[in-house]
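Written below as C-alpha cells is the structure these notes are about.
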Amino acid sequence: MDNSAHIFIVEDDLKIAALLKDYLLAAGYQVSHEANGRLALEQLRLSAPDLILLDLMLPELDGISICNEVRKFSEVPIIMLTARVEEVDRLLGLETGADDYVCKPFSPREVVARVKVHLRRSMAGQTGLTGPIVQPAPEQSRFVIDKEQLRILVDAQPLNLTPVEYRLLAEFISHPERVFSRQQLLDFAHEDQRDINDRTVDTHIKNIRKKIQGKLPGNECLHSVYGVGYRFELPS
C-alpha cells in the first residue's frame with residue numbers, strides 16, 4: 001500500500017486532530033479532517049477515504065452511529081478513538097463494525113503504525129494476497145511472530161512459550177495499545193471454547209511477563225487495565 005492513501009480524521013478535539021494530521025502527513029499520507037459527526041457522515045457518503053480515524057464522542061452524531069451507518073455502504077477500515085474506558089467492552093464486542101480502536105491518551109506514532117497495518121490488510125484483501133509467514137510487529141518492533149514455527153522472537157532470540165502463551169502474545173503484538181478483555185483473551189487462548197475461569201488469563205499473563213523480562217530487562221510491555229483486561233505496549 002503506498003503512502004498516498006487518504007486518511008479521514010473525524011475528531012472534535014482540534015489539538016488531537018492537528019497532532020494526528022501532522023504525523024500522518026509526515027508519513028506521506030493525504031489527510032482530511034472533520035469535527036462534526038453529522039457533516040463527517042455526509043462527506044463519507046460522497047467520497048471514500050482509504051481509512052477513517054473516528055472519535056467516539058462527537059457533536060450531533062457520535063462515532064458508533066457513524067460507524068454503523070458507514071458499514072451499510074462501505075468496508076473502509078475504521079479505527080475508533082475513545083477516552084471512555086466504560087465503552088471498551090462495547091467496542092470489543094464489535095457492535096460498532098469498527099476494525100480496531102485506541103484509547104486516549106495515545107502515542108501518535110502508534111496510531112500511524114496501526115494505520116499502516118490496516119491499510120496493508122485492506123490492500124491484501126482487495127488483491128487476494130495473504131500475509132507473510134514471518135510477521136514483524138508495527139514500527140520495526142523488537143518482536144517478530146514466526147507463524148510457520150509457531151514461535152515469537154525478541155531481538156532475534158526465541159521466547160520459550162507454551163502454545164497458549166504464543167497465541168496470546170501474538171495477538172497482543174499484532175494489536176499494540178489495544179485493550180483486550182479477559183474473555184477475549186480466553187477465546188484466543190483456548191480454541192475449543194472450553195468453560196474456564198477468566199482468572200486463568202492472569203496466570204498466563206504473569207508467565208508471559210516473566211519470559212519477556214528475561215529477554216528485555218526493565219521493559220514492562222503488558223499492562224493491566226483496571227476493570228477491563230490487558231494491553232500490550234511495544235518496547236523502545
Just subtract the alpha-carbon distance of L46 and F188 from 0.36 nm times their residue separation and send over the number in nm, one decimal.
47.3 nm
For peptides 57-65, 4-12, sequence by mean Cβ density within 10 Å, most packed first
4-12, 57-65
Cross-link list K15/K206; K21/K211; K104/K211; K21/K206; K72/K116; K21/K104: which exceed 26 angstrom alpha carbon to alpha carbon?
K15/K206; K21/K211; K104/K211; K21/K206
Let me cross-check L159: its accessible surface, 1.4 Å probe, with only protein heavy atoms counted, in Å² to the nearest 10?
10 Å²
For G37, what charge total do you get from the other residues with a beta carbon under 9 Å from its beta carbon, if Lys and Arg give +1 and Asp and Glu give -1?
-4
How far apart, in nanometres, would the label points at N207 and A83 be if each is projected 7 angstrom from Cα along the Cα-to-Cβ direction?
4.0 nm
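The values are calculated or read from the model by the stated rules, or taken from the named source; none is laboratory data. It should be emphasised that the depicted structure is a prediction, and the values quoted were computed from it without experimental measurement. For neighbour counting, all protein chains shown are included, and Cβ atoms are generated from backbone atoms with ideal geometry for every residue, glycine included. Accessible surface is based on the protein model in full, side chains and every heavy atom, while ligands, DNA and RNA are left aside. Shrake-Rupley method; radii C 1.70, N 1.55, O 1.52, S 1.80 Å.
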